[in-house]
């Protein structure tokens with residue numbers, strides 16, 4: 001598998017992240033969705049095909065206090 005092309009990637013954080021620096025950021029690359037640690041923007045990036053990313057998002061559960 002080739003590395004995802006991150007040229008022009010627009011990174012976003014979840015609106016639920018608040019001011020906490022311990023967040024993941026994601027970028028929609030069209031053919032892939034890239035995910036990185038917001039504390040290390042030049043570090044490693046994981047890339048998922050859109051179908052896998054959608055499945056991941058559907059599987060998330062958020063516990064309410």
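Quick note: the coordinates plus some simple rules give every number you see, no bench work behind them. Predicted model, so just to flag it, every value in this text is computed and none were measured. With ideal geometry, Cβ positions are generated from the backbone for all residues, glycine too; neighbour counts draw on all protein chains shown.
In table form, for the structure just shown:
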read-out	value
Peptide ranges 24-35, 42-53 listed from the most packed, as the mean C-beta count within 10 angstrom indicates	24-35, 42-53
Label-point separation in nm, residue 10 to residue 38, each point 7 Å along Cα→Cβ	1.8
